[in-house]
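Undergrad: Take a look at this one; I'll ask things after.
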Amino acid sequence: MALIDQPVDTLDTPTLILDLDALEHNLTRMADSARKAGVQLRPHAKAHKSAEIARLQIALGAVGVCCQKLSEAEAMVQAGVDDVLVTYPIVGPHKMNRLAGLARHATVAAIADNPDQVAAFGRVAREHGVTLTLLVDVYPGGMRGGVDPGVPALRLSQLIAGTPGLAFGGLQAYNGAAQHVRDYGQRRQAFESYADAIRDTRDRILNSGLPCASITGSGTGTFAWEAQSGVFTELQPGSYVFMDADYALNQERDADVDGFRHSLFVLTTVVHSARAGFVLVDAGVKALNTDPAQAWVWGQPDLLYTPTGDEQGRIDVPRGRALPALGQQLLLVPGHCDPTVNLHDEMVAVRASRVQAVWPVTARGAMT
């Protein structure tokens, strides 16, 4: 257990480290961007799973948070976050009953892309005596859910608005496939194509006589364009709080998109340093994400980290370079922040190389 004011280099490892100066820079930068553009900010809590960070975001002007799973939303509401949008499909009576129960304690909204799902939400809302707000999830392409834009989305909007117990809240329009397109021009084109479809869908809804109060979406890779689009009313970026190694691979030309700092690290210790060309550290697949996004060794780009086991990773060292010493501590920038955070019970918040706070990962393991 880390102690307040403990020097970072005396912490046990592997430990999830949060650089407060970089975090605060990132939070302020995003909040300022949304404010200047005149759009709301509803950051995605699946990136950090932390009520402490959610409260910091709200204090800077966020209207609430997004959550990817219902249990994640429940954890946030229990911790005092009182405005949550669940952006993952809720299907089946058990989860819908949980959502209706949660709506008694906080402002809660969900998404829908299927008429049967809408009908089921309506029945549950009436049984619980609550009004549930639903947003139409609009298909962005690729292996994602959502109803097709245009007429299909309009029809589903009308169905929600006409179903007792439900309120039509607008459009959920997250273009996940665009977030990690490396080439700037290709990423911009992916954004523009989807934004045009959302604009057309919005206009059809408004022309039908329905209001469309919220058009919410965007991510860390495209948020500046959504903010300036005149289409989106709300932004949902999540990873900007940490800026993992994978997002840093995007090619940027826009000062609004670039300029976030790495704030999340895994502190690890060299546990083997006896053979030429590599060392082993005590951070493996139980400490960092296991998807293709690879971690970086902070400040030492010539070192290459690879997870090689449950409890260890390998760091390749170029020929002619001295090996990191046995017992030496290194910082790793996670390749993908969301699943990395979910592996840890707590994050140790530091400033000037000393521990300032220990924050629980509020929604760790919230998978249902």
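Values quoted throughout were computed directly from the atomic coordinates according to the rules given, and no laboratory measurement underlies them. A quick note: this is a predicted structure, and the numbers were derived from the prediction, not measured. We place every Cβ from the backbone using ideal geometry, glycine too, and count neighbours over all the protein chains shown.
Undergrad: Can you count the Lys pairs in region 20-245 with C-alpha separation below 22 Å, eight or more apart or on different chains?
TA: 5
Undergrad: Most fluctuating residue of Val266, Val151, Val136 in a GNM of the chain with Cα springs under 10 Å: which is it?
TA: Of the options given, Val151 has the highest mean-square fluctuation.
Undergrad: For Met96, Met367, what ranking results if the residue with the fewest other Cβ atoms within 10 Å of its Cβ goes first?
TA: The most exposed by this proxy come first: Met367, Met96.
Undergrad: Tell me the label-point distance for the pair Asp148, Gln78, using the 7 Å Cα-to-Cβ offset, in nm and rounded to one decimal.
TA: Label-label distance for Asp148 and Gln78, simple model: 4.2 nm.
Undergrad: Further question on the same structure: For a quick check: with amide H placed at 1.01 Å from N, whose amide H comes under 5 Å from Val358's, ignoring anything fewer than 5 positions away on the same chain?
TA: Residues meeting the criterion, in which the H sits 1.01 Å from N, are Ala349.
Undergrad: Return the long-range amide H neighbours of His44 (sequence gap of 5 or more, or a different chain), with a cut-off of under 5 Å between placed amide H atoms.
TA: Distant-sequence amide H within range of His44: Cys66, Gly238.
Undergrad: Pick out which of Val231, Val130, Val350 has the largest mean-square fluctuation in a Gaussian network model of the chain, springs linking Cα atoms closer than 10 Å.
TA: Evaluated over the chain, the most mobile residue of the options is Val130.
Undergrad: For region 20-245, what is the relative contact order in percent, using Cα pairs closer than 8 Å and at least 6 residues apart in sequence?
TA: RCO, region 20-245: 20 percent.
Undergrad: Once the piece of chain linking Asp302 and Arg188 is laid out straight, how much longer is it, given 0.36 nm per residue of separation minus the C-alpha distance between them?
TA: Roughly 37.9 nm would be gained on extension.
Undergrad: What percent does the relative contact order of region 1-88 come to when contacts are Cα pairs within less than 8 Å and at least six residues apart?
TA: Once normalised by length, the contact order is 22 percent.
Undergrad: I need to check one value: relative contact order of region 116-238, counting alpha carbon pairs closer than 8 Å and at least 6 residues apart, in percent.
TA: Contact order relative to length: 24 percent.
Undergrad: Quick check on region 20-245: take the gyration tensor over C-alpha atoms, sort the square-rooted eigenvalues as a ≥ b ≥ c, and tell me if it's rounded (a/c under 1.5), prolate or oblate.
TA: It is oblate, given that a/c is not under 1.5 and a/b is not larger than b/c.
Undergrad: Using DSSP to define loop residues, name the trypsin sites (Lys or Arg not before Pro) in region 71-131 whose beta-carbon has at most 14 other beta-carbon atoms within 10 Å.
TA: Arg104
Undergrad: Highest mean first, what order results for 5-14, 320-329 on Cβ atoms within 10 Å?
TA: 5-14, 320-329
Undergrad: I would also like to ask the following. Assuming R0 = 30 Å, can you tell me the calculated FRET efficiency for the pair Met1 and Arg126, based on Cβ-Cβ distance, to the nearest 0.05?
TA: Calculated transfer efficiency: 0.05.
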